[in-house]
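Following: one structure in structure tokens, then a few remarks.
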Amino acid sequence: MIIITTGVSQTTSNTISSVGSSLSRNSHFSAASGGGSCYEAFPNGQILPTPNLRIFTFPELKNATKNFRIDTVVGEGGFGKVFKGWLDEKTPSKSRSGSVIAIKRLSSESLQGFQEWQSEVNFLGRLCHPNLVRLVGYCWEENELLLVYEFMQKGSLENHLFGRGAVVQPLPWNIRLKIAIGAARGLAFLHTSDKQVIYRDFKASNILLDGSYNAKISDFGLAKLGPSASQSHVTTRVMGTNGYAAPEYVATGHLYVKSDVYGFGVVLVEMLTGLRALDTNRPPGQHNLVEWIKPYLYYRRKLRSIMDSHLEGRYPAKAAFQTAQLALKCLESEPKSRPSMKEVLETLLHIESSKEKPREPRNRSTNPRAHRHSQQPLHHRSPLHPKLDSYRANHSSYLQGRPTA
Ligand SMILES: Nc1ncnc2c1ncn2[C@@H]1O[C@H](COP(=O)(O)OP(=O)(O)OP(=O)(O)O)[C@@H](O)[C@H]1O
Ligand SMILES: [Mg+2]
């Protein structure tokens, strides 16, 4: 739980630490590029002693986004709209230059939104790793709460797997594997760092991609510190996203480091099949991807029938099968039976290193997913506890919150 005080935040032992006065509104960060390339100095990641963030003024961010003009919006989530902005603009607007940033603007003053904002600043502000998106800074003025990130050119994995239209090209197999490896590295870093961090919201929309499809995990609004050495889990209110959340966590509120591994398994299945973790537009019995597809993952022939048709059969069959077996391990119902993220990463690297040629396309008439191109809302999230009440009111795919564990 986060205790709010005036002007600064204090945290209990469940957050990464109190950032206290280091988040004073007068603190300044030197460069427009915020934390700079901290991970160039620490390629294997680092947890900084204090958040290394620039504090922006609201007019600065207004200017960066042409007054939050609608054509600068690149997405929207539970926190609010996400804008593309330009810093240090010295040139006329037609040829904008300078650092490109992504700005999230809280859409209401809900307490939940504020907590999420604080958690992002407390966690992500101190985390530095090539596979975690960089938080450049924030703005906290009057009724405005904003977060400023490095801009991720290729958007989210979700957009690439499920987006429609010509704008988004389907991802080839090798890029999917590269993204899985990057995301696994990010999670493994969180899990093995001194202060073990449980991410709690692993899903395709929180995996962002730079211009070279390097994956970076974003959104630390739900992150928690892991259990003390004598404990196997932390007990917490059930939050997250339906379809991705681990069964033990949903049932009991017991959050394990391995609960993240379950979410990773779900994303692997999404990458294999091109199907959403949860989709109520699918026929009854198929809404939950894992429950529906799991039996297909055990056998090579069955797996072939459920592989993403966007791959057009161009994937190495053995590697796909090995990835499916890895996904099954991640999806074990007992947290203890799941591999660690370090083991997951090693397996993915092993799969990548075997230079198997992609198989030739085949007739796939037995595909059980005849409906897969049915119209689906692009923004399709269902947090167990919606992050913003106002957002829930406007998005029917949000589910009612579950009782506190
Ligand atoms: N740093 C960024 N660079 C570029 N695009 C971004 C960045 N952060 C977010 N986006 C875009 O904005 C979209 C919305 O992101 P956001 O994190 O607000 O919501 P979400 O992850 O889709 O949903 P939820 O609120 O449930 O986590 C993303 O899907 C992505 O396309
Ligand atoms: Mg997100």
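Here are some notes:
- Just one residue in the set Lys302, Lys329, Lys336 is under 18 Å from Val267 (Cα atoms), among the basic types (Lys, Arg), modelled with pLDDT of 95 or more and in the same structural domain as Thr192 (by TED's automatic domain parsing); that residue is Lys329.
- Exactly one residue out of Ala183, Ala229, Ala251 is closer than 27 Å to Asn44 by Cβ, out of contact with any helix residue (DSSP H, G or I) (no Cβ under 6 Å at 6 or more places or on another chain), without any contact (Cβ under 8 Å) to a residue 12 or more places away in the chain and of a type outside the set (D, E, K, R): that is Ala229.
- From the list Tyr315, Tyr298, the lone residue that is free of Cβ contacts under 8 Å to residues at least 60 places away in the same chain, in contact with a helix residue (DSSP H, G or I) (Cβ under 8 Å, 6 or more places away or on another chain) and not hydrophobic (A, V, I, L, M, F, W, C) is Tyr298.
- Here is the figure for the range 104-117: residues that are touching a residue at least 12 places away in the same chain (Cβ under 8 Å) and either surrounded by 23 or more Cβ atoms within 10 Å (Cβ to Cβ) or assigned to a helix (DSSP H, G or I) (or both) total 7.
- Contacts under 9 angstrom Cβ, first residue in the range 203-217 being assigned by TED's automatic domain parsing to the domain that holds Arg176 and near ligand 2 (Cβ under 9 Å from one of its atoms), partner basic (Lys, Arg) and outside any strand (DSSP E or B), 6 or more apart: Lys203/Arg381; Ser205/Arg381; Leu208/Lys154
- Residue in the range 118-132 that is touching a residue at least 12 places away in the same chain (Cβ under 8 Å), part of a strand (DSSP E or B), under 14 Å from Lys104 (Cα atoms) and more than 14 Å from ligand 2 (Cβ to nearest atom) present: no
- Residues within the range 242-272 that are among the polar types (S, T, N, Q) and surrounded by 24 or more Cβ atoms within 10 Å (Cβ to Cβ), tallied: 1
- Condition met for Asn131 (more than 18 Å from Ala64 (Cβ to Cβ) and in the same structural domain as Phe202 (by TED's automatic domain parsing)): no
The values are calculated or read from the model by the stated rules, or taken from the named source; none is laboratory data. Predicted model, so just to flag it, every value in this text is computed and none were measured. Cβ atoms come from the backbone with ideal geometry, glycine included; neighbour counts cover every protein chain shown.
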